[in-house]
Amino acid sequence: MSPEYPFDEAATARAVIDDSGVLVEWNAGAERLLGHRAAEVVGRPAAELLAEGGGRGAPEGDRWDGILTLRRRDGGTVSVWLLAHRLRPPQGPGPYRWLVVTPLEGDEPRLPDDPLDQVGLLASPCAIAIYDERLRLRRINGVMAEVLRLSEEHVRGLRAPELTGRAQSYDIERQLLRVLTTGRGTDVRTYVPVGGDRTHAWLARMAPITDGRGRVRGVSVAAHDFTEQYVAQERLQLVNEASVRIGTTLDVTRTAQELADIVVPALADFVSVDLLDPLEHGGEALTGRLTAPFTLRRTAHRSVNAGSPEAVVKPGHVDVYPSPSPQADALLAGHTLVASTSTDDLAQWLSWDPARAERIQEYGIHTTMSVPIQARGTTLGVAVLTRFKNPEPFTPDDVLLAEEITARAAVCIDNARRYSRERETALALQRSLLPRTLPRTAALEAASRYLPAARSGVGGDWFDVIPLSGLRVAMVVGDVVGHGIQASATMGRLRTAVRTLADIDLAPDELLTHLDDLVVRLSEEAGTDGVSGEVGATCLYAVYDPVSRRCTMARAGHPAPVMVSPGDAPHEIELPAGPPLGLGGLPFESAEVELREGTVLALYTDGLIETRERDVDASHALLCEALSGFSDSLDETCDRVLHALLPPGGAADDVALLLARTLGLPSSRVATWDIPADPALVAPIRKQVLEQLGVWNLTEASFTAELVVSELVTNAIRYGIHPIRLRLIHDASTLICEVSDTSHTAPHLRRAKIFDEGGRGLLLVAQLTERWGSRHTADGKTIWAEIGLLDEQ
């Protein structure tokens, strides 16, 4: 061992076994454990080292751990805990190997004054500060002293605002006071500007300090600098903002300006977007090999200074760029180029244009980044980003961020170039936002239709079928007020929001409440953008459970669904109307109905029943008549409904129609157990689960199911509130494990540290299952996990 490599190879027994079970590596630690030298065991079957006779096969999965009895060289045996990892070939497919290890450090005696056992709070690598009962600084460690750049003897006795002199220190002190008075710890995030556009982000964990009697005598603050994570989150947020704000219309100039608006000031102080001239007029992009000089049209630019005084060329004007220049060289290279005044390459770039060189000197431009605008293998133009107010040069992360945002904008520009008429473009966007196919689920069969308006253009109607946990499925139909690209874009936002909210298993009325808040915010954004009119929408959201055969629905100003039960006449479901989305502050109500297997639900938008030829009641009667015609095919029923209600020339408004035939899950496919409060009874529960899997002929999934059930049940007993219930649901391709209790606290996946005794359970569940998650119910929560049976078999 040495300071450069402080690892003792003999402190770990390590061996490598190939896919045929033969030992191929044997280290000094393994020799220390069993006495066998490498020459004696390498090349021989590893099973010969097993005391029980070598009948054990290769483990399942990519990792295994357990206790095995091994043979020593002297004839004795030893029981050892082993950890085995499957080593996949480094390049492509090929034979795998198993790495088997076990630690040997426990064999050595520990010193009574081991510094690892004696380390105190102030020796932490985090920045630590100790405050007394008066919230006066008592102690700081060396890390905090380096952060503050002050010594402990100088700052002892100061309050937090006195220590930093920053306004946010008062908020920190209020948090300290809360911890001092309540005795409960808390986490506080604070952001400290450090010059320019840079910000240091800190996470301060505050905890009470108690004496032997349990009285709070002070507060400890452990601060962690998470600036890198904060910066990464800011970059991710900018990319997400770009995906929302860029491409709201299919207009080349508007899209280029949206790109400029996103980049400034978040990434650059000035940006220019220049496109190859034919794009501005909707023509085809240049093909073949690009050669300088380039004729580019200034399509958009933006600066942190009002009026963009740094720009030499005005929007709409054409300029010629020779090589060398930032625009021409980036187009010729086909990738991003960065230049700065510190390396003189920026001056060389602009030597051809005295006017631009003068602007560099005047405004102190010190770095430039040229990003080609490319989409679908075609070069469309170039975006040039510069900095002068921000003193920092462009970093490799800035380059990646600029390329990501520019790539998104390039796609939008290319879409606008490809289509000459707005309606055709809007129709393409609308169809891309709607689901191309409906998912096949065990809960229902579904068919759908969407027809754009014949005269007023594409609107914002949409539909969706969303699989949920526990074999449940959500059905949604919505309608955004208005027509055109804006309505289509809003529809896309709402559909994405519905899928996101559905993924966290919100109740229908609660989901519509969140969706209403989103529409209100979209209306405010529309007002600030100068768009006339407010954003409004209607929506119907339903969740069907094939186990209970019950369906919960809520609607926001949307037409009520029509139900056709087997043998009964079609009729409208009585459902509270609810206000349209966008009014804000008004409640939504849900209703629950029981559906027999084979019941058909018809969900639709108002374009289907609101026509000039007849009133709504007459259209509703025609809809029921069309649905009453027997047909095994839902697609045929969709066509029959549209043919009966829509005029030959097409509807005046968009039409979305979703038909769903419910399926039921036999009770034999569901098993439920009430879990006692005793953790010792988990083993009998596992046994009952294995017996049930045997009844279902799912013995291949026994190993995974047993681990998942054991972990979820144990967690529920340890952290949940009784009563606790375990439910298994057997689908054709999935085994679902659900554990419910009356606690509303949901678990969180975390990565346990090396010496943590727990914390790996949910990570194990996540690794062994296809999906897992939690959903809140009226009386608690349910933790669920799905095991893929096809993989197990």
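The values are calculated or read from the model by the stated rules, or taken from the named source; none is laboratory data. Note that this is a predicted model, so its numbers are computed, not measured. Because the Cβ atoms are built from the backbone with ideal geometry, glycine has one as well, and the counts that use them run over all protein chains shown.
Some points to look at:
- Scanning region 555-565 for any residue that is assigned to a helix (DSSP H, G or I) and either touching a helix residue (DSSP H, G or I) at 6+ places or on another chain (Cβ under 8 Å) or over 20 Å from ALA660 (Cα atoms) (or both) turns up nothing.
- Selected residue (only one of ILE413, ILE405 is within 30 Å of ALA328 (Cα to Cα), modelled with pLDDT under 90, assigned to a helix (DSSP H, G or I) and of a type in the set (Val, Ile, Thr)): ILE413
- Test: residue in region 710-718 that is small (Gly, Ala, Ser) and in contact with a Cys (Cβ under 8 Å, 6 or more places away or on another chain): no
- Residues of region 341-359 classified as surrounded by fewer than 14 Cβ atoms within 10 Å (Cβ to Cβ), of a type in the set (Asp, Glu) and under 44 Å from the mean Cα position of the chain (by Cα), total: 1
- Taken as a whole, the condition of being at pLDDT below 65, among the acidic types (Asp, Glu) and either within 30 Å of LEU82 (Cα to Cα) or touching a strand residue (DSSP E or B) at 6+ places or on another chain (Cβ under 6 Å) (or both) does not apply to ASP197.
- Any chance GLU597 is part of a loop (DSSP other than H, G, I, E, B), within 37 Å of the chain's Cα centre (by Cα), closer than 30 Å to LEU506 by Cα and at pLDDT 85 or above: yes
- So SER469, is it polar (S, T, N, Q) and modelled with pLDDT under 80: no
- Number of positions in region 569-581 that are over 11 Å from CYS624 (Cβ atoms) and part of a loop (DSSP other than H, G, I, E, B): 8
- A count restricted to region 59-102 and to residues that are within 18 Å of VAL41 (Cα to Cα), acidic (Asp, Glu) and either in contact with a Phe, Trp or Tyr (Cβ under 7 Å, 6 or more places away or on another chain) or part of a strand (DSSP E or B) (or both) stands at 0.
- Members of region 642-698 that are in contact (Cβ under 8 Å) with a residue 40 or more places away in the chain, closer than 30 Å to ASP464 by Cβ and assigned to a helix (DSSP H, G or I): LEU642, ARG669
- Annotation: GLU362 fulfils all but one of (1) surrounded by fewer than 16 Cβ atoms within 10 Å (Cβ to Cβ); (2) of a type in the set (Asp, Glu); (3) in contact with a Ser or Thr (Cβ under 8 Å, 6 or more places away or on another chain); the unmet one is (3).
- Breaking point among (1) buried (at least 18 other Cβ atoms within 10 Å of the Cβ); (2) in a loop (DSSP other than H, G, I, E, B), for HIS722: (1)
- Summed over region 581-635, the residues that are farther than 23 Å from ASP464 by Cα, in contact with an Asp or Glu (Cβ under 9 Å, 6 or more places away or on another chain) and among the aliphatic types (A, V, I, L, M) give a count of 3.
- Scanning region 50-88 for residues that are in contact (Cβ under 8 Å) with a residue 24 or more places away in the chain, aliphatic (A, V, I, L, M) and closer than 19 Å to ASP19 by Cα yields ALA58, ALA84, LEU87.
- Test for ARG178: is it within 13 Å of MET206 (Cβ to Cβ), modelled with pLDDT of 80 or more, assigned by TED's automatic domain parsing to the domain that holds VAL221 and not acidic (Asp, Glu): yes
- Members of region 334-373 found to be touching a residue at least 24 places away in the same chain (Cβ under 8 Å), among the hydrophobic types (A, V, I, L, M, F, W, C) and in contact with a strand residue (DSSP E or B) (Cβ under 8 Å, 6 or more places away or on another chain), listed by number: LEU337, VAL338, ALA339, TRP349, ILE365, MET369, VAL371, ILE373
- Where strands (runs of 3 or more DSSP E) sit wholly within region 296-399, those with at least 3 residues that are touching a Phe, Trp or Tyr at 6+ places or on another chain (Cβ under 9 Å) and closer than 29 Å to ARG235 by Cα occupy 337-340, 367-375, 378-387.
- Taking region 639-672 as the range and being over 30 Å from CYS737 (Cβ atoms) and of a type in the set (Gly, Ala, Ser) as the test, the residues that pass are ALA644, GLY649, GLY650, ALA651, ALA652, ALA656.
- Qualifying position, being exposed (fewer than 14 other Cβ atoms within 10 Å of the Cβ), of a type in the set (D, E, K, R) and assigned by TED's automatic domain parsing to the domain that holds ALA474, among GLU572, GLU610, GLU594: GLU594
- Region 40-58 - residue that is of a type outside the set (Gly, Ala, Ser) and surrounded by fewer than 15 Cβ atoms within 10 Å (Cβ to Cβ) and, of those, nearest to ASN27 (Cα to Cα): GLU40
- Looking across region 626-638 at every residue that is outside any loop (DSSP other than H, G, I, E, B) and free of Cβ contacts under 8 Å to residues at least 40 places away in the same chain, the one that is surrounded by the fewest Cβ atoms within 10 Å (Cβ to Cβ) is identified as GLU636.
- Taken together, the residues in region 765-783 that are among the small types (Gly, Ala, Ser) and not in a strand (DSSP E or B) amount to 2.
- Looking only at residues in region 461-475 that are out of contact with any Lys or Arg (no Cβ under 8 Å at 6 or more places or on another chain) and part of a strand (DSSP E or B), the one that is farthest from PRO546 (Cα to Cα) is ASP461.
- Restricting region 600-614 to residues that are modelled with pLDDT of 90 or more and touching a helix residue (DSSP H, G or I) at 6+ places or on another chain (Cβ under 9 Å), the residue that is farthest from LEU506 (Cα to Cα): VAL600
- Selection status of SER325, touching a residue at least 12 places away in the same chain (Cβ under 8 Å), crowded, with 21+ Cβ neighbours inside 10 Å and over 20 Å from THR378 (Cβ atoms): yes
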